[in-house]
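The values are calculated or read from the model by the stated rules, or taken from the named source; none is laboratory data. Please read all numbers here as calculations on a predicted model, not as lab measurements. Positions of Cβ are generated from backbone atoms using ideal geometry, with glycine treated the same way; all protein chains shown enter the neighbour counts. Just the protein is used for accessible areas: all its heavy atoms, side chains included, with ligands, DNA and RNA removed. Shrake-Rupley method; radii C 1.70, N 1.55, O 1.52, S 1.80 Å.
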Amino acid sequence: MPLTVLQAMSEMEGFGVPGAIPTICNNPLDLIYCDEAIHFGATGNYKGFAQFLNVTIGWEAARRWLSVQAHFDATGNLIGGYMGATLQQVINRFAPGSQKGNDPAEYISFVCGKTGLTPQTVLTVANLG
């Protein structure tokens, strides 16, 4: 059975792997510690990543993070939010190649392989999970 986008992204981030930061922090998407993460329930900072009291709060924060409505500039580039953008746009913004350790092409391929969606599929509540 295909995974939801949220499940596939959490798997790509290493959630559920013993000793992995997302698992240690109850943080399925490995969200950074920032004001937005605090607003979504983060209670601490572990090596720059948000810590959540429990996995239920972590999942809800992940869902809320990706549910922020997408904003595009005049040329169609995703500049804020995620909901309503294509998976390719979502991944390129969420895990940009400019950040150490990120490979957006690998990430997109992984998520599409796990979900059965394409890079051009638009993120919706239904496929987010």
* In sequence order, what are the phi-derived ³J(HN,Hα) couplings for segment 49-54 according to the Karplus relation 6.51 cos²θ - 1.76 cosθ + 1.60 with θ = phi - 60°, rounded to whole Hz, with x for glycine and proline? -> 10, 5, 10, 10, 4, 8
* If you rank 90, 17 by how much accessible surface each has, with a 1.4 Å probe, what is the order from largest down? -> 17, 90
* Whats the longest run of the chain with zero trypsin sites (Lys or Arg not before Pro) that are DSSP loop and have at most 15 other Cβ atoms within 10 Å? -> 48-99
* Please report, as a whole percent, how much of the solvent-accessible surface of the chain comes from carbon and sulfur atoms (probe radius 1.4 Å). => 57
* Structure fact -> From the Cα centre of segment 66-129 to that of segment 36-60, the distance in Å is 21
* What residue among 38, 79, 24 shows peak mean-square fluctuation when the chain is described by a Gaussian network model with Cα springs under 10 Å? -> 79
* **Amide H partners (placed H, <5 Å) of residue 86, local residues excluded** => 123
* Relative contact order (%) - the chain, alpha-carbon pairs under 8 angstrom, separation at least six -> 23
* Asked: What are the residues whose amide H is under 5 Å from the amide H of residue 49, where those residues sit 5 or more places off or on another chain and H is modelled from the backbone?
  -> 33
* Most mobile of 115, 75, 43 in a GNM of the chain (Cα contacts under 10 Å) -> 75
* **Most fluctuating residue given options 67, 98, 109, as computed from a GNM of the chain linking Cα atoms under 10 Å** => 98
* Asked: Nearest 10 degrees, 0 to 90: what angle lies between the long axis of helix 104-115 and the longest principal axis of the chain (Cα atoms)?
  -> 90
* To do: Let me have the 222 nm mean residue ellipticity of the chain computed from DSSP H runs of 4+ only, each contributing -39500 (n - 2.57), with the sum over all residues rounded to the nearest 500.
  => -11500 deg cm²/dmol
* Structure fact -> In whole Hz, the Karplus estimates of ³J(HN,Hα) for segment 5-14 (6.51, -1.76, 1.60; θ = phi - 60°; x where Gly or Pro) are 4, 4, 5, 5, 5, 5, 5, 4, 6, x
* Heavy-atom accessible area of residue 12 with all protein chains present, probe 1.4 Å, nearest 10 Å²? -> 60
* To do: Please turn the phi angles of segment 74-82 into ³J(HN,Hα) values with the Karplus equation 6.51 cos²θ - 1.76 cosθ + 1.60 (θ = phi - 60°), one per residue in order, whole Hz, x for glycine and proline.
  => 4, 9, x, 7, 6, 10, x, x, 9
